[in-house]
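**Student:** Here it is: the structure, laid out below.
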Amino acid sequence: MEDQSISQDLAVTSSYEAAMAALSSLIGQHKKQNAAPRDGRKFALMSKYLKMADLEQSISKLKIIHVAGTKGKGSTCVFCEAILREYGLRTGLFTSPHLIDVRERIRINGLELSREKFLDYFWDLWNKLTNKLSEELLMPRLFQFLTLLALKIFLCENVDVAIIEVGIGGRWDSTNVIKEPVVCGVTSLGMDHMEILGDTIEKIASEKAGIFKPHTPGFTVSQLPEAMSVLQQTASQLMIPLEVASPLNLEWLKGPKLGLDGDHQLINAGLAVALCKCWLERTGHSSLVSNGVVIEDLPEAFRRGLASARLSGRAQIVKDINSENSNSWGNLVFYLDGAHTPESLDACARWFSIATIRESSSVLNGNGGVLRENYHGYGCCNGNGKLSLINLKRILLFNCMEKRDPQLLLPQLIEICASNGLHFSKAIFVPSLSSHHKVVSATSLLTSDASIDLSWQSALQKTWENIIYGKVANVKNVKRPGIINSSSNGFIEENTVESCDSSSDHYNCSSVMPSLPSAIHWLRECARRNPTIQYQVLVTGSLHLVGDVLKLLRR
């Protein structure tokens, strides 16, 4: 029986890897058809696929909350799902991207499907589409296919509510095949995906407002005046109400804190409360809420949902623990946030500042000391004012896509952290392991390419150095470290992890590492060799990078 079980597990694993390979083949589809992302041609194809999958009529049965926005839409969707699940409703949640495994994108009652169940739905949809293709109609793109798969799963699983996050934009997004959502929401808007959505906030707002539908209430949050004007104009043309949701006040939770950390989450939580209130009222569930939802007096289910919501890679704290020796890496803590726009980096920096100071206070006070700031971080001082053996070092682990401008990202991060008394001891720039061109499973091995081009990471390092050492007259003449090999004994000594200081004529506070595994190895070596130092590592700039770090830490 044991051998049979092992064989079945191997068969599922093999089939799952085949499904990942099939999904990977969908990336870059339709190049021959040249379907531009900003017009209706790609969207017209999505409507055809909906018919081919036999979903066109049946999706009207789904009671959907549809959410678009530049930042916070994933968090808003997670808050909505958690709240409505607390009412005993069967929930379906579709978000993107995934960090470790594609099944993260489609959840039932907050949980990923088993591999077996996922494969049943996956191959059924795959084969149904494959049998109806022609030379003029290729398989869908990756996101189109996953949208179809989510809708199919939600229908087959008989969910009471489906919470669906827009991929990019709104008007021409694959998820906008939804014709009759119960309620729509637009989170905070900013300048992102401008090559697709337009180069002004008005153009971007217009694309996001494309999810608004006749007879469907719309909700949003406080926006820039230019963006708000576009949202209001669209709502007016459709003759639908558009309400601006107030940020959540933590006092309304009556004790528990939000499940997602960071002050910016109060905005997303407030929108989620408004969306859920509207959904409950419009679907005949008003009786579940005593006296309706008074924002200042949230029902218990709302409070429990807001406190229990979780979303990996967004303001997430992970303490690295060696499975063989639980104490050897306990002084290495990762703060992970997939922020990749100026607005989200702003929120990330504020969260990191608050979270690390809070953690530092906890650690230091737990050792009988009080928190005292110095330029190199924080130390624990006893009653006599003498520094204890506990010190803190803050390290940035960063990468971003080449289409993003580091001049808009890194200065803001440095400035906000510095304004809160935080200074990075070192910045490490690494390439991500994940690729936009391949879908892998959670058990796939992460391998690095020794010949990978590190010119972009070097450009990020130069940007960082120019910000930190802006007082240096001639940057070209200042000695700069090259690519660091993590096996270098000199590099892993504690005295190389000092605070970035513009008084030096050597750039010793930043490094380019050839791979993410080598960077993690270096950090672990630092922690192992220096047990009296707590290393607080901020991982940000890319959701791919955050996912890769989480995957490596799980091993």
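**Student:** Of P225, V186, C156, which is farthest on the positive side of the dipole of the stretch 103-248, counting Cα position, with +1 on Lys and Arg Cβ, -1 on Asp and Glu Cβ, and the Cα centre as origin?
**Tutor:** C156
**Student:** While we're here: Under the rule a/c < 1.5 gives rounded, and otherwise a/b versus b/c splits prolate from oblate, where does the stretch 163-229 land using the Cα gyration tensor? Intermediate results must be reported in sequence, preceding the final value.
**Tutor:** Details: a/c = 2.09, a/b = 1.34, b/c = 1.56.
Because a/c hits 1.5 or more and a/b fails to exceed b/c, the stretch 163-229 counts as oblate.
**Student:** What accessible area per residue comes out for the stretch 159-314, rounded to a whole number of Å², with a 1.4 Å probe?
**Tutor:** 42 Å²
**Student:** Given 0.36 nm per residue, what is the gain on full extension from T130 to L266 after removing their alpha carbon distance, in nm?
**Tutor:** Between T130 and L266, full extension yields an extra 44.5 nm.
**Student:** Leaving out ligands, DNA and RNA, and with a 1.4 Å probe, what % of the accessible surface on the stretch 133-217 is carbon or sulfur?
**Tutor:** Summing carbon and sulfur atoms, their accessible area is 55 percent of the total for the stretch 133-217.
**Student:** As an exercise, use a Förster radius of 51 Å and the Cβ-Cβ distance of E202 and R528 to find the FRET efficiency, rounded to the nearest 0.05.
**Tutor:** E(calc), rounded to 0.05, equals 0.45.
**Student:** Lysine pairs in the stretch 131-241 with Cα distance under 23 Å, only those 8 or more apart or on different chains: how many are there?
**Tutor:** Pairs that pass both the separation and distance tests number 7.
**Student:** Shifting gears a bit: Express the carbon and sulfur contribution to the solvent-accessible surface of the stretch 37-90 as a percent, rounded to the nearest whole number, probe 1.4 angstrom.
**Tutor:** 46 percent
**Student:** Shifting gears a bit: Return the distance in nm (one decimal) between the two label points of a simple spin-label model at M401 and E116, each offset 7 Å from Cα along Cα→Cβ.
**Tutor:** Taking the simple label geometry, M401 and E116 are separated by 3.8 nm.
**Student:** Let me ask you something else. Relative to the present Cα-Cα distance, how much length would full extension add between A44 and S455 at 0.36 nm per residue of separation?
**Tutor:** Values: separation 411, 0.36 × 411 = 147.96 nm, distance 3.95 nm.
Gain on stretching A44 to S455: 144.0 nm.
**Student:** Here's a follow-up. Can you give the FRET efficiency for H193 and T13, using 1/(1 + (r/R0)^6), R0 = 41 Å, r = Cβ-Cβ distance, to the nearest 0.05?
**Tutor:** Efficiency, from the Cβ-Cβ distance: 0.70.
**Student:** Sticking with this structure for a sec: Could you give the length gained on full extension between A307 and K438, defined as 0.36 nm per residue of separation minus the Cα-Cα distance, in nm?
**Tutor:** So the extension gain works out to 43.7 nm.
The values are calculated or read from the model by the stated rules, or taken from the named source; none is laboratory data. From a predicted model like this one, the values you see are computed outputs, not experimental measurements. Glycine also receives a Cβ, built like all others from the backbone with ideal geometry; neighbour counts cover every protein chain displayed. SASA here: full protein model, heavy atoms, side chains in, ligands and nucleic acids out. Shrake-Rupley method; radii C 1.70, N 1.55, O 1.52, S 1.80 Å.
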